[in-house]
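All of the numbers you see were taken from the coordinates with simple rules; none came from a lab. Keep in mind the model is a prediction, meaning the values are calculated, not measured. Glycine also receives a Cβ, built like all others from the backbone with ideal geometry; neighbour counts cover every protein chain displayed.
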Amino acid sequence: MARIIQHKKISIENLWLGYEQGVPLLESASAEVNEGEMIALVGRNGTGKSTLLRTLARLQTPMQGRVILNGTPVEALSNRELARLLSFAGPGTGTMEDLTVFELVSLGRHPYTNWWGALRDADREKINESLSFTGMLDFRDARVNRLSDGERQRVLIAMALAQDTDLLILDEPTAFLDIPNRIDVVEVLHRLRSQNRTVIFSTHDFDNVFSYADQVWIIDERRLITGSPEELGLEGAFDALFSDAGVRFDRHGLRFVRETDHREQIGLAGEDRDGRFWTARALERTGYRVEDAEEGGKPVVEVRKVKGVYRWILTLGSTTKEFTTLYELISHLTRS
Amino acid sequence: MRNRKYTIQLSSLLLLLLVLIILDISLGTVRIPFRDILGTLAGKPGIDSQHHLIISGFRIPRVLTGLLAGAALSVSGLQMQTIFRNPLAGPYVLGISSGASLGAAIILLGTGAMATGILARWGIVAAAWLGAAAVMFILLLVTIRIRSIMTILILGIMFSSGLSAIISIMQYFGNAAALKSFVIWSLGSLGDVSGSSLTILLITILPGLMLAVLSVKGLNAMSLGEENAGLLGINVRATRILVFASTSILAGSITAFCGPIGFIGIAVPHITRFLTGRSDMRYLLPATIIMGMVIMVASDIISQVPGSDRILPINAITSLIGIPVVIWVVISKRKSMI
């Protein structure tokens with residue numbers, strides 16, 4: 001069911017972040033998030049991603065500016081009120097404690113339980129619902145400190161879900177996860193859009209940014225740049241992100257690659273598409289600029305596939321050399 | 001399933017406690033027939049009046065004091081370990097027992113060896129209580145000002161060491177008789193509380209335990225760290241004040257009346273966690289209270305050296321029981337310990 005009127009879930013106004021002494025991390029940042037959006041926050045280490053997320057969750061106070069949640073400045077809310085509107089999972093949450101999955105997730109019900117923390121049937125239902133949403137129902141009675149990183153991250157999301165807040169803030173939920181787990185976690189978060197929940201998460205994982213995020217927030221040189229991922233791509237915001245570190249954005253592969261200075265040209269020939277693709281990758285990784293074989297005056301690699309077996313023939317002037325593996329070809333090229 | 005197991009564990013502990021209580025009452029320098037013991041407990045008439053006096057005037061108050069001390073020290077240990085997220089925290093980390101000891105030292109060492117008789121006895125209790133209360137007051141002031149819980153822990157330990165240093169100086173200048181009474185006080189005793197003082201102890205311990213019950217939800221959330229507790233809607237500062245007040249009342253009163261009793265507060269929460277496999281305060285708190293009583297009464301039985309007419313200092317016995325537990329915790333380095 002599509003909503004006609006979109007409400008501003010959270011907005012930040014002229015936010016300055018930093019610590020007492022020294023330069024601010026973020027200057028005059030403003031942004032708005034609509035209900036049901038997924039926001040990916042990216043930026044280099046130490047640029048203040050965590051500080052920004054922690055400020056949104058009122059764990060830190062800004063130097064200047066305001067965070068407005070559902071139309072109310074966060075500082076005007078009581079702990080209990082805030083806990084019913086916003087949940088936060090940071091790195092390291094739940095690693096130490098000897099709790100079962102159920103016990104940890106049930107702590108998410110605290111904003112709703114009485115003085116003793118007694119769970120009613122409705123609370124238990126909510127906990128089980130959150131566990132099944134994140135695919136962790138079978139782990140109900142497992143100890144949290146025995147889970148894998150991916151499982152623990154999903155339990156933390158379940159805990160945030162049990163808190164039943166419209167806004168979830170997660171600091172690097174995919175850190176230390178393998179690729180299937182990363183995709184799992186982000187897909188769980190993405191599915192929350194169907195419940196009209198808003199998710200803000202920080203990440204270094206650009207695959208997820210481009211596949212799932214409605215908005216990207218980039219922190220670059222103390223500024224917050226916001227927009228849809230494609231729009232930011234169009235404006236060249238990603239190109240600037242790591243340029244001072246000698247890394248450029250490759251828009252075709254939607255990835256960042258190391259800038260190499262002297263790029264020798266090399267020709268690539270051959271009929272087999274897969275063979276050409278992977279050979280080109282290997283040559284680019286080694287620092288060559290790969291071109292078509294027609295233009296003369298440079299080394300040429302030809303990929304041949306005979307009876308399902310690949311061969312690489314390197315022609316340099318009048319000498320030719322044959323290789324049976326890509327690894328040998330690359331070793332030869334880097335040595336010479 | 002888990003709850004049934006917990007009920008069974010708790011019932012078995014209660015049964016064990018009952019057996020230990022009867023055993024503790026039966027033992028002592030004067031041999032009393034078991035029939036007279038049960039008779040007195042059941043309130044039957046016609047018991048040897050001498051025996052009746054020993055049982056109801058000495059042994060029962062002693063066991064009741066032990067039950068209160070076991071419960072109070074274990075609960076404050078549990079609270080300290082949880083709020084500081086440190087397995088080696090105990091009721092005395094905040095300097096409460098040092099405060100009480102300073103109070104007792106001022107009376108015992110400061111007034112010379114005059115501290116005998118009922119007035120002096122009350123003087124010691126009052127001074128020890130004031131000492132513990134003064135520490136608690138300073139602590140609460142610190143809590144309101146200082147944000148980091150680790151800073152509070154370090155300040156508590158330093159404060160405690162500072163007070164001990166002052167006590168050492170007082171001991172150095174104290175005369176021999178005064179020194180001996182102070183040393184005896186610091187060895188702890190469950191036998192000096194009876195009649196009206198037992199009533200007063202009971203009246204002070206109960207609110208301390210009630211505050212502990214009120215802190216259960218907050219402590220459960222605080223086991224994830226204070227920051228996360230705040231995000232779960234807990235008022236962290238209020239919980240801290242609740243917990244410190246509870247621990248000060250519990251540990252302070254017991255130390256004032258019984259002298260310092262070591263290691264119960266550190267060891268019992270670990271034993272309880274290990275046996276119940278629980279870390280949820282709602283289950284851990286009642287189990288810790290009963291376990292504290294069990295260990296304390298058991299220590300009292302051992303201190304009477306069954307079969308002999310000597311009584312060993314209770315503080316030494318609880319330390320000998322508690323130390324191996326603490327060593328086990330440190331060596332096993334189990335994350336699950338806290």
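Assorted remarks:
- Amide H to amide H, with H built 1.01 Å from N, A:L25 comes under 5 Å of A:L17, A:G18, A:Y19, counting only residues 5 or more places away or on other chains.
- Computed magnitude of the charge dipole of the range B:2-337 (debye, nearest 20; Cβ of K, R +1, Cβ of D, E -1): 880
- Degrees separating the helix A:179-191 axis from the principal Cα axis of chain A, which is the longest one: 40
- What the Kirkwood sum gives for the range A:147-217 is a hydrodynamic radius of 12.3 Å, with every pair of different alpha carbons counted.
- Average projected area [Cα convex hull, the range A:110-259], square nanometres: 11.2
- With only Cα atoms counted, the range A:1-152 has Rg and Dmax values of 18.0, 51 Å.
- In this structure the amide hydrogen of A:Q64, modeled in the peptide plane, comes within under 5 Å of the amide hydrogens of A:W16, none closer than 5 places in sequence on its chain.
- Principal axis dimensions, largest first and in whole angstrom, of the protein assembly as shown by Cα: 119, 56, 56
- One Cα centroid belongs to the range B:235-287, the other to the range A:268-287; the line between them spans 68 Å.
- Cβ-based charge dipole, the protein assembly as shown, positive-most Cα from A:V33, B:M291, A:V309: B:M291
- Across peptide A:107-114, the mean count of Cβ atoms from other chains lying within 10 Å of each residue's own Cβ comes to 4.
- Distance cut-off 14 Å, percentage of C-alpha pairs in the range B:1-77 lying past it: 68
- At least 30 Å along the helix axis (C-alpha) and Kyte average at least 0.5, DSSP helices within chain B: B:2-26, B:60-84, B:117-145, B:149-173, B:236-258, B:281-303
- In chain A, helices alone account for a calculated mean residue ellipticity at 222 nm of -9000 deg cm²/dmol, with every DSSP H run of four or more residues adding -39,500 (n - 2.57).
- Burial ranking of peptide ranges B:285-294, A:80-89, A:275-284, A:192-201 (average Cβ count within 10 Å, highest at the top): B:285-294, A:80-89, A:192-201, A:275-284
- Summed side-chain charge close to A:G270 - residues other than A:G270 whose Cβ falls under 12 Å, Lys, Arg +1, Asp, Glu -1: 0
- Rounded to the nearest 10 degrees, the angle from helix A:326-335 to the longest Cα principal axis of chain A is 70 degrees.
- Within chain A, the proportion of C-alpha pairs whose separation exceeds 40 Å stands at 30%.
- Rg to Rh, two decimals, where the range A:40-104 supplies the alpha carbon set and Rh follows Kirkwood: 1.03
- Across peptide B:280-291, the average count of Cβ atoms from other chains found within 10 Å of a residue's Cβ is 1.
- Relative contact order (percent, whole number), chain A, Cα cutoff 8 Å, 6+ residue spacing: 16
- Measuring nothing but how far apart in sequence close Cα pairs (under 8 Å, 6+ apart) lie, relative to its length, the range B:2-337 scores a relative contact order of 29 percent.
- Volume per residue that the Cα convex hull of the range B:2-337 spans, once the total is divided by residue count, Å³: 141
- Of the residues B:Q9, B:Q50, B:V19, the one whose Cα sits farthest toward the positive end of the charge dipole of the range B:1-56, with +1 on the Cβ of Lys and Arg and -1 on the Cβ of Asp and Glu, is B:Q9.
- For peptide A:72-81, the mean count of partner chain Cβ atoms within 10 Å of a residue's Cβ comes to 2.
- Net charge contributed by nearby residues that have their C-beta within less than 14 Å of A:L314 (K/R +1, D/E -1): +1
- Backbone phi angles across the range A:127-144, fed through the Karplus curve with coefficients 6.51, -1.76 and 1.60 (θ = phi - 60°), yield HN-Hα couplings of 5, 5, 4, 5, 5, 6, 4, 8, x, 10, 4, 5, 9, 2, 9, 6, 7, 4 Hz in residue order; Gly and Pro are listed as x.
- Total lysine pairs under 22 Å (Cα atoms) in the protein assembly as shown, excluding pairs fewer than 8 apart on one chain: 7
- Per the Cα gyration tensor, the range A:1-82 maps to an equivalent ellipsoid with semi-axes of 24, 16, 11 Å, ordered largest to smallest.
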